[in-house]
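Written out below as structure tokens is the structure these notes cover.
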Amino acid sequence: MSTYREAYDKWVQNQTPENMAGVLAAFTPTINSEIQRFEGPKPLLRSQAKILTMKAIRSYNPMSGANLNSWVVTNLQQLSRYGQRLRDVRAPELAIRRAAELNRVTKEMTVDLGREPTDEELADEIGINVQKIRKLREQTRASVNSSVFDNVTDESAVHDPGVIQTNQVPFASEAVYMSLNDRDKQIYDMRTGSHGSRQFSAGDIAARLGVSGAAISQRADQIARQIAGLAGG
């Protein structure tokens, strides 16, 4: 493997995606070291670290006197804020699990009692107080079982998976979005109408990007699963 300086000089002479990949490969030890310093899902931190590294490489000014590796490390400090956002996304997971348990017990007791149980009866059954029962119900009242990517109009498209659409899904969506490559960001934006883009069907996106509709649907499905996994769905 070439040193990061050699890889960088090669990229400066010919700024192709392949040469940028070579620079990233040379910076792998630096990236691996830096992501260990921050909390959060390592695959997402690694993806974001690569994005930050590419931005650092493109913005590096050799005439500034700064060392290239030091410049990259300085830019990777943004992982701290990114990791905090990911922690904020995962914080409600316990509440979601408890809400699911509340829903399950409510259904079972409704069958057993022939009516919906009171909050007091639920509290006794689950082992938490009435105030927490009501808070959980309030937190999940707006939750609906819908798709991250809805309005599928292409008949050949694979329907995207349903996820629990709670108030942390927008944060999970943005966290995953930030880790995507440029092509996947295009797919996400055109599929959802986000970030100022018009919303298109999978077939229209395929035509614009020069790939098959099945490929677009498959990639949208994978992105939706990442969001659902991060959101705790």
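Among residues of region 6-35 that are surrounded by 14 or more Cβ atoms within 10 Å (Cβ to Cβ), those with a Cβ under 6 angstrom from a residue that is not in a helix (DSSP H, G or I) and not aromatic (F, W, Y), sequence gap 6+ or separate chain, pair up as A26/S2. Screening Q78 against (1) outside any helix (DSSP H, G or I); (2) within 16 Å of S179 (Cα to Cα) leaves a single unmet condition, (1).
Only a single item in (1) surrounded by fewer than 13 Cβ atoms within 10 Å (Cβ to Cβ); (2) under 24 Å from S173 (Cβ atoms) is not met by N61, and it is number (2). Every listed requirement among (1) more than 21 Å from M54 (Cβ to Cβ); (2) in a helix (DSSP H, G or I); (3) at pLDDT 85 or above is met by G229 save one, (3).
Scan region 1-24 residue by residue and report those that are under 23 Å from the mean Cα position of the chain (by Cα) and modelled with pLDDT of 90 or more. Residue satisfying the conditions is L24 alone. Only one of the numbered conditions (1) on the phi > 0 side of the Ramachandran plot; (2) at pLDDT below 75 is violated by D154, and that is (1). Within the span defined as region 39-57, one or more residues are β-branched (V, I, T) and at pLDDT below 90.
Out of R141, R208, R219, R198, I need the residue that is of a type outside the set (D, E), modelled with pLDDT of 85 or more and over 14 Å from the mean Cα position of the chain (by Cα). Which one? Step through it out loud before you land on a result.
Numbers: R141 fails: modelled with pLDDT of 85 or more; R219 fails: over 14 Å from the mean Cα position of the chain (by Cα); R198 fails: modelled with pLDDT of 85 or more.
One residue alone meets the criteria, R208.
Remark: pairs (first residue in region 55-79, in contact (Cβ under 8 Å) with a residue 24 or more places away in the chain and assigned by TED's automatic domain parsing to the domain that holds W11; second residue basic (K, R) and part of a helix (DSSP H, G or I); Cβ separation under 8 Å; 6+ apart in sequence or on different chains) = L68/R5.
Of all the listed residues (R46, R58, R37), the sole one being in a loop (DSSP other than H, G, I, E, B), out of contact with any Phe, Trp or Tyr (no Cβ under 8 Å at 6 or more places or on another chain) and not polar (S, T, N, Q) is R37. Tell me which residues, restricted to region 1-49, are of a type in the set (V, I, T) and over 19 Å from R81 (Cα atoms). Selection gives T3, V12, T16, V23, T28.
The values are calculated or read from the model by the stated rules, or taken from the named source; none is laboratory data. None of the values given here were measured: they were computed from a predicted structure. Every residue, glycine among them, receives a Cβ derived from its backbone with ideal geometry; neighbour counts consider all protein chains shown.
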